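As structure tokens, the structure follows; a few thoughts come after it.
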Amino acid sequence: MSGARSRPALVQFLPKLATVLGEGYRWRDLRGDTLAGLTVAVVALPLAMALAIASGASPDKGLATAIVAGFLISLLGGSRVQIGGPTAAFIPVVFAIIQEHGYGGLIVCTLMAGLILIAAGLLRLGTLMKYMPQPVITGFTAGIAVSIFSSQIKDALGLRMGAVPAEFLPRWQAYAEHIGSIQPAALALTVLGVASIVGLRRWRPAWPGFLIALVACTAIAVILGLPTETIASRFGELPATLPPIEFPTIPFDRLRELLPGALTIAFLGGVESLLSAVVADGMTGRRHRSNAELVAQGVANVGSALFGGLPATGAIARTATNIRAGGRTPVAGILHAVFLLVFMLLLAPLMGYVPLAALAAILLIVAWNISEMEAFRHTMSAPIGDRVVLLLTFGLTVAFDLTVAIEVGVVVAAFVFMFRMAETVEITSGVRLLAGEERENPADTRQRQLLPEGVEAFQISGPLFFGAANRLDDLLDQFRERPRVFILRMRLVPMIDSSGVHALRSLIERCRRKGIVLVISGLQPQPQQVLGQMGVLPAGSDVHLVAGFTAAIDLAGHLAHAAQA
């Protein structure tokens with residue numbers, strides 16, 4: 001029996017590749033996956049280099065990440081069509097970590113993030129990612145887009161300046177100070193690259209716009225001998241092979257200061273990979289295994305760190321490209337990594353001629369793609385709480401730090417949710433309140449008419465949690481005359497937490513001091529269990545539990561009569 005029960009639990013960690021091979025993999029499947037893998041590799045080649053440079057690393061680091069992590073994500077992942085590698089979301093995070101801790105610090109952060117993702121998958125936390133508030137996701141995604149855009153101004157304009165500051169405002173201040181050093185050649189290549197990509201997307205959407213724009217800009221720069229910075233002039237000759245595996249030296253005394261960066265990488269990797277898998281499910285009609293995907297992302301990041309690469313996750317744009325090109329199994333993602341390795345082996349000497357302005361043009365388009373302007377505008381029409389969360393997360397992402405932005409955004413979103421939940425909790429009676437307000441609810445009026453003399457009643461509707469528990473504090477003060485019996489109707493209370501228990505205990509104590517007999521009707525299983533566990537129940541002589549309101553009225557009539565006698 002135990003073995004039978006464990007098998008379904010283990011299925012959620014089974015890679016989709018094993019499922020595909022178990023179903024039978026045919027020659028036509030390989031043919032379609034090969035074409036899709038080649039198509040995605042052509043798209044990923046310029047992106048991997050551009051993303052690495054924007055992150056403050058050399059372009060070969062991006063290629064190594066796309067090859068190693070892309071291979072492992074497809075080999076072990078829980079999605080049939082997910083394509084993994086470096087993504088734009090990591091740019092501000094990686095750039096900041098390299099600036100503060102150096103590239104060695106980034107390797108340790110990536111390794112730690114991989115282990116965190118593996119643990120998250122094994123603990124089955126993949127399903128929790130769907131509870132991330134959408135305004136937070138839209139806010140930090142739009143903020144990342146602005147950060148990517150601002151990071152490319154130097155190369156897009158060819159500014160003659162030193163290292164670009166990591167912070168947003170100092171960065172633009174530095175740009176303003178060096179605006180007079182614009183290189184016309186770099187600006188022209190940037191404009192040409194952007195125009196080529198936009199034009200190809202409009203008139204030839206099936207063509208690899210990034211690669212065509214990159215080749216065109218490189219050819220023009222070489223033929224005309226344009227004075228613009230290239231990959232080779234900044235980084236030297238690119239290696240034609242993957243670096244050897246090297247386990248990093250872990251500075252245990254610095255793990256505490258590196259942990260926030262690792263947590264941010266793990267969070268981004270988990271959220272973006274699962275979002276990409278959800279998008280892929282919508283396009284293919286399949287379902288991914290979220291926990292298997294998290295484990296694969298963790299292994300991929302560990303592998304990338306061992307090869308000196310960058311953080312990796314599922315890439316939504318490349319995954320969509322894979323699906324449109326005919327990819328239907330993880331073999332397409334594996335072949336995409338293999339093709340990238342072949343490109344690296346054969347084309348490394350030629351990649352040195354690529355102008356950095358051409359890569360900047362690619363990233364400007366990437367920034368626009370991930371900005372989610374439509375989602376941003378749509379959320380701005382939402383209730384005020386969602387707008388506050390969106391703008392707060394966006395502003396903190398741009399001006400300060402992505403980690404802070406996510407933490408604050410989630411906390412504020414939680415407070416907004418709690419406020420809204422508290423507002424849904426109703427406590428009604430049908431009596432005239434001390435402030436002179438008359439309840440007009442017909443149900444309240446009927447309830448009032450049924451009560452015997454000397455009996456009052458309130459009904460609670462909604463969860464009695466800490467956001468609404470304080471509304472019980474002045475319940476007894478609502479009556480013009482003190483009742484002999486008080487009925488508290490809790491049939492519509494599905495749950496209660498410790499704050500609600502504390503408020504109810506205080507109400508019981510106040511009833512006892514005032515000589516009021518308390519009757520609780522319709523108590524549901526969860527509140528009854530919690531009240532019992534916390535010692536509030538079983539009831540004493542001054543607290544009575546009944547199944548329904550009719551029984552409560554009958555009991556209250558007898559108790560009121562006995563108290564009067």
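The values are calculated or read from the model by the stated rules, or taken from the named source; none is laboratory data. In this text, all values refer to a predicted model and were calculated from it rather than measured experimentally. Cβ: placed from backbone, ideal geometry, glycine included. Neighbour counts: every protein chain shown. The accessibility values were calculated without ligands, DNA or RNA, using every heavy atom of the protein model including side chains. Shrake-Rupley method; radii C 1.70, N 1.55, O 1.52, S 1.80 Å.
Selection of the stretch 238-291 for residues being small (Gly, Ala, Ser) and free of Cβ contacts under 8 Å to residues at least 24 places away in the same chain yields Gly282, Gly285. Only one entry in Leu35, Leu30 is within 22 Å of Val279 (Cα to Cα), in contact (Cβ under 8 Å) with a residue 12 or more places away in the chain and surrounded by fewer than 24 Cβ atoms within 10 Å (Cβ to Cβ), namely Leu35.
For the stretch 57-74, does any single residue satisfy the condition of being open to solvent by less than 10 Å² (accessible area, probe 1.4 Å), small (Gly, Ala, Ser), over 20 Å from Leu340 (Cα atoms) and touching a Pro at 6+ places or on another chain (Cβ under 7 Å)? Taking every residue of the stretch 57-74 in turn, none turns out to be open to solvent by less than 10 Å² (accessible area, probe 1.4 Å), small (Gly, Ala, Ser), over 20 Å from Leu340 (Cα atoms) and touching a Pro at 6+ places or on another chain (Cβ under 7 Å). Quick check: is even one residue across the stretch 108-128 touching a residue at least 24 places away in the same chain (Cβ under 8 Å), outside any helix (DSSP H, G or I) and among the charged types (D, E, K, R)? Looking for residues that are touching a residue at least 24 places away in the same chain (Cβ under 8 Å), outside any helix (DSSP H, G or I) and among the charged types (D, E, K, R), one finds at least one in the stretch 108-128, hence yes. Total residues in the stretch 330-343 satisfying the condition of being over 25 Å from Leu238 (Cβ atoms) and either open to solvent by 10 Å² or more (accessible area, probe 1.4 Å) or touching a His at 6+ places or on another chain (Cβ under 6 Å) (or both): the figure is 1.
Could you give me the residue pairs with C-beta distances under 7 Å whose first residue belongs to the stretch 391-407 and is within 13 Å of Ala166 (Cβ to Cβ), whose second residue is of a type in the set (A, V, I, L, M, F, W, C) and surrounded by 23 or more Cβ atoms within 10 Å (Cβ to Cβ) wherever it lies, and which are 6+ apart or on separate chains? Hits for this filter: Leu402/Val93; Leu402/Phe140.
Each residue in the stretch 112-136 was checked for being open to solvent by 10 Å² or more (accessible area, probe 1.4 Å) and either aliphatic (A, V, I, L, M) or modelled with pLDDT under 85 (or both), and 17 of them qualify. Total residues in the stretch 155-170 satisfying the condition of being over 27 Å from the mean Cα position of the chain (by Cα) and either of a type in the set (A, V, I, L, M, F, W, C) or open to solvent by less than 30 Å² (accessible area, probe 1.4 Å) (or both): the figure is 8.
If only residues of the stretch 191-217 that are over 32 Å from the mean Cα position of the chain (by Cα) and among the β-branched types (Val, Ile, Thr) are counted, the one that is least open to solvent (accessible area, probe 1.4 Å) is Ile212. Restricting the stretch 362-383 to residues that are among the aliphatic types (A, V, I, L, M) and outside any helix (DSSP H, G or I), the residue that is modelled with the highest pLDDT is Met380. If the condition is being open to solvent by 10 Å² or more (accessible area, probe 1.4 Å), in a strand (DSSP E or B) and not aliphatic (A, V, I, L, M), then the stretch 481-519 contributes Arg489, Arg491.
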